[in-house]
Amino acid sequence: MPSSVLVRVVFGLLVLATAAAFVVAQRLKRSTPIIERVYLPNYISPTCGCKKNHANVYFTLRDSGRVTATLVNAAGDDVRTLVDDRRLHRGRHHYRWNGRTDSGAIAPDGRYRLRVTLRDQARSVTAGPILILDTKPPHPRIITVTPSVIVPGGPGSRGRARIRYRGNSDPGPLIQVYRTDLPKPKEVTFFNWRRGRKTATWDGTINGKPAPDGIYSITITTYDHAGNAGSAPPVLPPNRLEAKPHTGVSVRYLTVAGSLDPVDAGSVARFEIGPLPRRLRWSLGPVGPGSAVARGRGSGRALSVRVPSSAPTGLYLLRVEAGGHRATQPVVVQGRKRGKVLVVLPAITWQGGNEVDDDSDGFANTLTGGESVQVGRGFAHGLPPAGLRGRVDPLLRFLGRTRVPYDITTDLALAQGRGPQIAGRSGVLFAGDETWLTNKLDLALRSYVEGGGKVASFGTDAFRRNVGLAGPELVNPSAPERVNVFGEETNDVRIQQAPMVVNQPDTLGLFAGVSGGLLGGFDQFEQSQRLVGGTQILSSAGRDPKHPAFIAYRLGRGIVVRAGSSEWASSLAGSVELTDVTRRVWSLLSQ
């Protein structure tokens, strides 16, 4: 056959095949569809742990027959077979997809459609409805919670916390409130906020009652259309490491704050009252039992208190009462009668453990936790600082009973260069736990002792940590060093109550007259493990003669005395031996 004829024949066959295909296609278009009324949900998230973790798939068969139904991805590839070559009756059919592939793995995020094949008719159709599989959680963010301190039930904006956030708000978010000034963060209330809003409010109540004074972290959980949940912070319960400034709120009903510098008797001490201006009553008196030295009334946000000129040197408490709430503030008073010994109170330690949220992140700022703290803030819950009643006040009461003259200050005032200083003193007594000192104060103290000064410490775990002072903030608290500023290494021992045993020789005569060589009864001992080279032990007592708790030693030309138990001060009132030893330590400092 000539090639030209062959070409014409092939061309004719192609034209006939194309025409035939066109006719078949047109017939298929006009024929009855094999399925109808297809339903797929819009979204599914197999990992959400919610009611959208599966998809209900519905379709209606017009004719019975052998059917294969699969879910296919955007590329048309089969992902999950719902039914494989089974004879199905005409009518409606329902299948459930858990978002996994035929191999059991979670299907990739993307768009999916239903494909149905009717084997008997050799026909297949991919339905139009689209199902979106989405496993990515949303990432909401709390922008700010204002104000930083609220008074539940109070007037205006101070009565509730306003929470501004970014993130999906349809459906409405879940707000959870955790109290964090507890051993562990505890959820205290939760509520669902209205959909479509970007601002929520907490009225400061828990189960319909005003929340207790404390620190609270606000969290928000939002949901996307697939039911995925995402929270701010990402991990709940919230923790300090992920806390962001201005995402928490404190509940306070009455606060009082003032300087911890010593105030001269006869002068005026000034304080700030918060969070709201108040009509109040106040009194200035001893920390423990005893009559107030001054009383009065006030109103507004500022309070001025004149310390009586007759007030003796010591530590006092300002007690403020307003609206059924109470708050206190330590007041250090320098009386008219002066002395050669300087008594130093641990104000840095007080503020270091003061659980107040300075940056409104929903967690307390403490030196113990490694954060910076404000030096002028009031004390949490309106209570006196930890250790003041049990470790500081008993020692000052002892000094008051013996009527010895002395000057008084705080470590914070020393670090700021205000009030009485160390130089020129016959001795320095540290009352309470001197947990942190600035580097400059450490150097000054070591130089003072090596130059011939005498130091006595009635606290424990002292002089081993540094902290910086930057204006109104204490910053960069350090971890404890192995040895303290005097080069002594110590450790803590806890045993069933037992006395200290006096060691010989007692070069300083501090234990003269101690009956039977036994001193007090303690559960806690801070033992001396090692002294710096060239140090000479002068007097000591403890459970282990090689590692005494109470110790006095010569360092350079000066002397260091360490009581060796956190229970020393609180045991003074009930022990004649402890009183006698403390009196002799005071005599040593006074010489």
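The values are calculated or read from the model by the stated rules, or taken from the named source; none is laboratory data. Just so you know, these numbers come straight off a predicted model, no measurement behind them. Here the Cβ is made from the backbone with ideal geometry for all residues, glycine too, and neighbour counts use every protein chain on show.
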Residues that are acidic (Asp, Glu) and in contact with a helix residue (DSSP H, G or I) (Cβ under 6 Å, 6 or more places away or on another chain), drawn from region 380-430: Asp411
Filter result (closer than 15 Å to Thr435 by Cβ and either surrounded by fewer than 18 Cβ atoms within 10 Å (Cβ to Cβ) or in contact with a Lys or Arg (Cβ under 8 Å, 6 or more places away or on another chain) (or both)) within region 349-366: Gln351, Asn354
Selection count, region 226-241, where residues are crowded, with 17+ Cβ neighbours inside 10 Å, assigned to a loop (DSSP other than H, G, I, E, B) and not hydrophobic (A, V, I, L, M, F, W, C): 4
Taking the criterion of being more than 37 Å from the chain's Cα centre (by Cα) and closer than 14 Å to Gly509 by Cβ, would at least one residue in region 560-574 satisfy it? no
Picking from Gly513, Gly574, the residue that is in the same structural domain as Ala444 (by TED's automatic domain parsing) and without any contact (Cβ under 8 Å) to a residue 12 or more places away in the chain would be Gly574
Right, Asp433: touching a helix residue (DSSP H, G or I) at 6+ places or on another chain (Cβ under 7 Å) and touching a residue at least 12 places away in the same chain (Cβ under 8 Å) or not? yes
With criteria (1) surrounded by 18 or more Cβ atoms within 10 Å (Cβ to Cβ); (2) within 15 Å of Arg119 (Cα to Cα); (3) not β-branched (Val, Ile, Thr), Ala55 comes up short on (2)
Region 493-504, subset touching a residue at least 12 places away in the same chain (Cβ under 8 Å) and exposed (fewer than 13 other Cβ atoms within 10 Å of the Cβ), residue nearest to Asp461 (Cα to Cα): Arg494
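How many residues does region 346-363 hold that are part of a loop (DSSP other than H, G, I, E, B), more than 12 Å from Gly376 (Cβ to Cβ) and either of a type in the set (Lys, Arg) or touching a strand residue (DSSP E or B) at 6+ places or on another chain (Cβ under 9 Å) (or both)?
Total satisfying the criteria: 8.
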With the requirement that a residue be surrounded by 16 or more Cβ atoms within 10 Å (Cβ to Cβ) and part of a loop (DSSP other than H, G, I, E, B), what does region 458-485 give you? Phe458, Gly459, Thr460, Asp461, Ala462, Phe463, Arg464, Val467, Pro477, Asn484, Val485
Can you pull out every residue in region 398-414 that is in contact with a Leu (Cβ under 8 Å, 6 or more places away or on another chain) and surrounded by fewer than 23 Cβ atoms within 10 Å (Cβ to Cβ)? Phe398, Asp407, Ala413
Considering only region 439-456, how many residues are in contact with a strand residue (DSSP E or B) (Cβ under 8 Å, 6 or more places away or on another chain) and free of Cβ contacts under 8 Å to residues at least 60 places away in the same chain? 3
When the residues of region 421-432 are filtered to those that are at pLDDT 95 or above and surrounded by 20 or more Cβ atoms within 10 Å (Cβ to Cβ), which remaining residue is nearest to Phe398 (Cα to Cα)? Ala431
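Got a number for residues in region 236-247 being closer than 21 Å to Pro212 by Cβ and either of a type in the set (Lys, Arg) or not assigned by TED's automatic domain parsing to the domain that holds Ser157 (or both)?
Selection size over region 236-247: 1.
To keep it simple, each residue is scored yes or no on (1) part of a strand (DSSP E or B); (2) at pLDDT 95 or above.
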residue	(1), (2)
Pro245	no, yes
Phe271	yes, yes
Leu280	yes, yes
Pro289	no, no
Val305	yes, yes
One residue from Arg319, Arg279, Arg326, Arg252 being among the charged types (D, E, K, R) and surrounded by 22 or more Cβ atoms within 10 Å (Cβ to Cβ): Arg252
Residues of region 443-487 satisfying the condition of being polar (S, T, N, Q) and over 23 Å from Arg583 (Cα atoms): Ser447, Asn466, Asn476, Ser478, Asn484
Is it true that some residue in region 421-437 is assigned by TED's automatic domain parsing to the domain that holds Leu367, under 34 Å from the mean Cα position of the chain (by Cα) and more than 24 Å from Ala386 (Cα to Cα)? no
If only one of Ala122, Ala69, Ala74, Ala105 is of a type in the set (A, V, I, L, M) and modelled with pLDDT under 95, which one is it? Ala122
For region 329-340, which residues satisfy the criterion of being among the β-branched types (Val, Ile, Thr) and either buried (at least 23 other Cβ atoms within 10 Å of the Cβ) or within 30 Å of the chain's Cα centre (by Cα) (or both)? Val331, Val332
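So which of Ala569, Ala541 ends up being crowded, with 16+ Cβ neighbours inside 10 Å, without any contact (Cβ under 8 Å) to a residue 60 or more places away in the chain and of a type outside the set (Lys, Arg)?
From the options Ala569, Ala541, the qualifying one is Ala541.
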Condition test on Val83, is it surrounded by 13 or more Cβ atoms within 10 Å (Cβ to Cβ), out of contact with any Leu (no Cβ under 9 Å at 6 or more places or on another chain), at pLDDT 95 or above and over 26 Å from Asn228 (Cα atoms)? yes
Within the set of pairs 6 or more residues apart or between chains, which connect a residue that is under 29 Å from Pro210 (Cβ atoms) and in the same structural domain as Gly362 (by TED's automatic domain parsing) inside region 160-174 to a residue that is surrounded by fewer than 17 Cβ atoms within 10 Å (Cβ to Cβ) and charged (D, E, K, R) with Cβ atoms less than 8 Å apart? none
Quickly run through region 135-167 and pick out the residues that are within 21 Å of Gly196 (Cβ to Cβ) and not in a strand (DSSP E or B). Pro137, Pro138, His139, Pro140, Arg160, Gly167
Of the residues in region 168-224, how many are outside any loop (DSSP other than H, G, I, E, B), over 18 Å from Pro152 (Cα atoms) and of a type in the set (S, T, N, Q)? 5
With the requirement that a residue be in contact (Cβ under 8 Å) with a residue 40 or more places away in the chain and in a strand (DSSP E or B), what does region 519-535 give you? Leu519, Gly520, Gly521, Phe522, Asp523, Gln524, Phe525, Glu526, Ser528, Gln529, Arg530
With respect to the numbered conditions (1) among the basic types (Lys, Arg); (2) crowded, with 22+ Cβ neighbours inside 10 Å; (3) within 26 Å of the chain's Cα centre (by Cα), which one is the sole condition not fulfilled by Lys454? (3)
